[in-house]
Amino acid sequence: QVQLVESGGGLVQAGGSLRLSCAASGRTFGSFMGWFRQAPGKEREFVAAIRWSDGGTYHADSVKGRFTISRDNVKNTVYLRMNSLKPEDTAVYYCASGNPVIVDRAYQYNYWGQGTKVTVSS
């Protein structure tokens, strides 16, 4: 079993920054950690993913150049640095663990955190 705990969400003005953290614990984490988000009334969407072994990263087009995913293998923690935040980034952000074949497919992740809410005011 894998436990994922997100933190770092909050209220920020447009143009501001936040850093989300996802602490993982348990037996095995899978090869990838991903960040997804879900806005009210919308489907969950892929934000970014990182491979534990070599730190290879993937970012959704909507966040490229603004968000950066990173990991700390010693702390078993994954981060999402979010800069230049926009009101449309408002959502609950979830981290996930798994062995996805296609990293942006939420159903290919096995474990999920409880989510952390990010609100960006205009």
Name the residue that is farthest from Thr119 (Cα to Cα), counting only residues in the stretch 39-60 that are touching a Ser or Thr at 6+ places or on another chain (Cβ under 8 Å) and at pLDDT below 95.
Ser53
Quick one: how many residues across the stretch 1-58 are under 30 Å from Pro87 (Cβ atoms), open to solvent by less than 60 Å² (accessible area, probe 1.4 Å), of a type in the set (Ser, Thr, Tyr) and over 11 Å from the mean Cα position of the chain (by Cα)?
1
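Considering only residues that are of a type in the set (A, V, I, L, M) and farther than 14 Å from Tyr93 by Cβ, which ones fall in the stretch 24-60?
The initial filter retains those residues of the stretch 24-60 that are of a type in the set (A, V, I, L, M), namely 24, 33, 39, 47-50, 60.
Once the filter is applied, which keeps residues that are of a type in the set (A, V, I, L, M) and farther than 14 Å from Tyr93 by Cβ, the stretch 24-60 yields Ala24, Ile50.
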Say we look at the stretch 78-122 and pick out the residues that are under 11 Å from the mean Cα position of the chain (by Cα) and hydroxyl-bearing (Ser, Thr, Tyr); which of these is surrounded by the fewest Cβ atoms within 10 Å (Cβ to Cβ)?
Tyr79
Evaluation of Val63 against (1) aliphatic (A, V, I, L, M); (2) buried (at least 16 other Cβ atoms within 10 Å of the Cβ); (3) touching a Ser or Thr at 6+ places or on another chain (Cβ under 9 Å) (one fails), failing number
(3)
Could you name every one of the strands (runs of 3 or more DSSP E) located completely within the stretch 31-122 that has at least 3 residues being touching a residue at least 60 places away in the same chain (Cβ under 8 Å)?
32-38, 77-82, 91-98, 109-112, 116-121
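The values are calculated or read from the model by the stated rules, or taken from the named source; none is laboratory data. Here the structure is a predicted model, which is why all the values come from computation and not from measurement. All Cβ positions, glycine included, derive from the backbone under ideal geometry; neighbour counts span all protein chains shown. Protein only, heavy atoms only, side chains kept; ligands, DNA and RNA dropped before computing areas. Shrake-Rupley method; radii C 1.70, N 1.55, O 1.52, S 1.80 Å.
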